[in-house]
Amino acid sequence: MKSIKTIIILFSFIMLTQCKKEEDATFKITTNNVGKLDKASLARDIDLIYAKDSIVKDTIESNFGHGSSKIKIFEKGGPLLLTLTPNSDSIPTIQNVLINDKRFKTDKGINIESTFKDIQENYEIKKIITSINNVVILLKDSDIYFTIDKDQLPESLRYNANTNIEAVQIPDAAKIKYMMVGWD
């Protein structure tokens, strides 16, 4: 009787260790995915991919037969999750994904509430592009990029669009304005 209990306990232990908990990818950002969306997702399939969520399409362009210029994905009865921009190919895929919800995170834990310090500690910065109101941070070997408002920078760097800003000039505490994924 004791050996049967031992066998059952041992068998149960083996089964538990063999069963890996399947990770929920709903809010995970990887090289090829943003949540349920992947790099090869067709714009026409968004209604199927996000069938349980609310989808708002830019109706001005879709009335003229060009498809939607922006597609907003809202959690059913909840917040804005993503803003998608399809490309203009004959069979459009998603070109840009604007992350609107803080639950979306990279494998290194970066989300829209992260700071420049978090980005710099977890990723190698490829390039910093300066515009009139923002600084865009491109990552090496990644399709993810970040925008930081110039209001987050020292005052001496805010008002000149021609100034090349380097990583050492951006304060560690600078907050992310936009987190995006750009697929070619």
task = Would you mind stating whether Ile110 is of a type in the set (A, V, I, L, M, F, W, C) and closer than 30 Å to Leu42 by Cα?
result = yes
task = Determine whether Lys105 is over 16 Å from Tyr178 (Cβ atoms), surrounded by 13 or more Cβ atoms within 10 Å (Cβ to Cβ) and at pLDDT 95 or above.
result = no
ask   = If Gly77 passes every condition in (1) loosely packed, with under 15 Cβ neighbours inside 10 Å; (2) closer than 29 Å to Lys36 by Cα; (3) not assigned by TED's automatic domain parsing to the domain that holds Tyr50 but one, which one does it miss?
value = (3)
note = Listed by first then second residue, the pairs whose first member lies in segment 145-164 and is outside the structural domain of Ile132 (by TED's automatic domain parsing), whose partner is surrounded by 14 or more Cβ atoms within 10 Å (Cβ to Cβ) and modelled with pLDDT under 95, with beta carbons under 9 Å and at least 6 positions apart or on separate chains, are none
task = Kindly list the number of the only condition in (1) out of contact with any strand residue (DSSP E or B) (no Cβ under 9 Å at 6 or more places or on another chain); (2) part of a strand (DSSP E or B); (3) of a type in the set (A, V, I, L, M) that fails for Ile129.
result = (1)
request  = Could you grab me the full set of residues in segment 18-42 that are outside any loop (DSSP other than H, G, I, E, B) and modelled with pLDDT under 90?
outcome  = Gln18
request  = Give the residue that is surrounded by the fewest Cβ atoms within 10 Å (Cβ to Cβ), with candidates limited to residues of segment 85-102 that are modelled with pLDDT of 95 or more and of a type outside the set (S, T, N, Q).
outcome  = Lys102
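The values are calculated or read from the model by the stated rules, or taken from the named source; none is laboratory data. Remember, it's a predicted structure, so these values are computed and weren't measured experimentally. Heads up, the Cβs are rebuilt from the backbone with ideal geometry, glycines too, and the neighbour counts pull from every protein chain shown.
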